[in-house]
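To start, the structure itself, in C-alpha cells.
The values are calculated or read from the model by the stated rules, or taken from the named source; none is laboratory data. Nothing here was measured: the structure is a model prediction, and the numbers come from that model. We place every Cβ from the backbone using ideal geometry, glycine too, and count neighbours over all the protein chains shown.
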C-alpha cells in the first residue's frame, strides 16, 4: 500500500473514531471538541483525494466557524460542563439504525454515480480553486445563486430568533 | 517556491513534485511540531520533581484563587455576531474560486457574483436596521 493510501486509512479511522466519541461522550463541550478532530480528519481525507480547495474550506468554515458557533451556542445555556447522564436518549438503537441506513444510501449513491471514475491526482490539481471556480461559474451558477438565498434565510432566521429571546430576557436581568 | 526550497534541503528524502509532493513540507512541519511538543513535555516530566499538593493542583489565573464554577453564560449577542461571521465566511469562500476565473469568463460572472453578494447584503442591511449590530 502506498503512503497516501495508508494516510487516507489513518485519517478515515480518525474521522470515524472521533465521530463516535462525539455522540457517545457524556460532556457536551468534549463533544464539540471531538467534532474539531472529526472535521479536521475529514479535511485530511479531502486533501488526500485531491480536493485541495474543499479541504481548506472545510478547515476554514467548519473547524473555524461552525464549531465556534456550536461552542457559543453551548455557552448560551446554563452549565453543561459536567457529566450529563440525561443526554443519552432511549432511541439510540433507532438512531444508530437510521444513521446506518443513511450511510448505506450515501455510499450507494456515490458508488453508483462515480464508481468507475478515475482521477489522476498527481498530474494536475483537480480540486484547485481555479477548477472549482470554473465548475461553479460555467455549470452551476443557479445553485450558487440559490445558496445566497439560503444564507439570507439563515441570517434573518437567526436574528429573528435572537431578538425574540433578547426582548423576553430583558424583563428578568 | 517552498517546494523547491524543501527539495534542496532534503534532496533525496522524497520526490517533491506533483500534488502530493507539494504537501510533503506541510506534513513535515506537522510531524516536527508533534515531535517537538512531545519531547518538551517528556523532558519536563523526566527532569522535574513531582510533589503535588492541593494548593498546587488548584486552577489559578493571575495568582487569584478561582471563585465559583468555570462556566459563564454569555449574552446572546455574541451568538448573533458568530452567526454573521459564519455567513460571511461562507460568502468569502466563494470569492476565492471566483477571483481565479472572472478574468477569463468576463463581466457576466462579475454580475453573478454581484447578485450573490447583493442578496446576502440584504441580510446585513436587515441586521443593521434591526439594531443587531449596535453594541449597547
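From the list B:118, B:63, B:131, the lone residue that is exposed (fewer than 14 other Cβ atoms within 10 Å of the Cβ), within 13 Å of another protein chain (Cβ to nearest Cβ) and over 20 Å from residue A:145 (Cβ atoms) is B:131. Taking helices (runs of 4 or more DSSP H) as the structural unit, those lying wholly within the range B:2-60 and holding at least 3 residues that are at pLDDT 80 or above correspond to B:18-21, B:24-47, B:54-57.
Right, residue B:90: assigned to a loop (DSSP other than H, G, I, E, B), within 8 Å of chain A (Cβ to nearest Cβ) and either touching a helix residue (DSSP H, G or I) at 6+ places or on another chain (Cβ under 8 Å) or touching a residue at least 12 places away in the same chain (Cβ under 8 Å) (or both) or not? Reasoning before the result, please.
Working: assigned to a loop (DSSP other than H, G, I, E, B): no; within 8 Å of chain A (Cβ to nearest Cβ): yes; either touching a helix residue (DSSP H, G or I) at 6+ places or on another chain (Cβ under 8 Å) or touching a residue at least 12 places away in the same chain (Cβ under 8 Å) (or both): yes.
No, not satisfied.
Taking the criterion of being part of a helix (DSSP H, G or I), buried (at least 17 other Cβ atoms within 10 Å of the Cβ) and modelled with pLDDT under 90, no residue of the range A:10-27 qualifies.
Pairs meeting the criteria (first residue in the range B:112-124 and on the phi > 0 side of the Ramachandran plot and in the same structural domain as residue B:85 (by TED's automatic domain parsing), second residue surrounded by fewer than 19 Cβ atoms within 10 Å (Cβ to Cβ) and at pLDDT 90 or above, beta carbons under 9 Å, at least 6 apart or on different chains) are lacking.
Please go through the range B:66-80 and pick out each residue that is surrounded by 10 or more Cβ atoms within 10 Å (Cβ to Cβ) and more than 9 Å from chain A (Cβ to nearest Cβ). Steps first, please.
Taking the range B:66-80 first, the residues surrounded by 10 or more Cβ atoms within 10 Å (Cβ to Cβ) are B:66, B:71, B:73-80.
If the condition is that a residue be surrounded by 10 or more Cβ atoms within 10 Å (Cβ to Cβ) and more than 9 Å from chain A (Cβ to nearest Cβ), then B:66 is the only one that fits.
The residues of the range A:49-77 that are assigned to a loop (DSSP other than H, G, I, E, B) and free of Cβ contacts under 8 Å to residues at least 40 places away in the same chain amount to a single one, A:77. Among the residues examined, residue A:42 does not qualify as modelled with pLDDT of 85 or more and facing chain B (nearest Cβ under 9 Å).
Consider the range A:72-97 and keep the residues that are touching a helix residue (DSSP H, G or I) at 6+ places or on another chain (Cβ under 7 Å), at the interface with chain B (Cβ under 9 Å from one of its Cβ atoms) and at pLDDT 70 or above. The one that is nearest to residue B:82 (Cα to Cα) is A:72. Note on the range A:144-165: residues that are more than 15 Å from residue B:91 (Cβ to Cβ) and more than 8 Å from chain B (Cβ to nearest Cβ) total 4.
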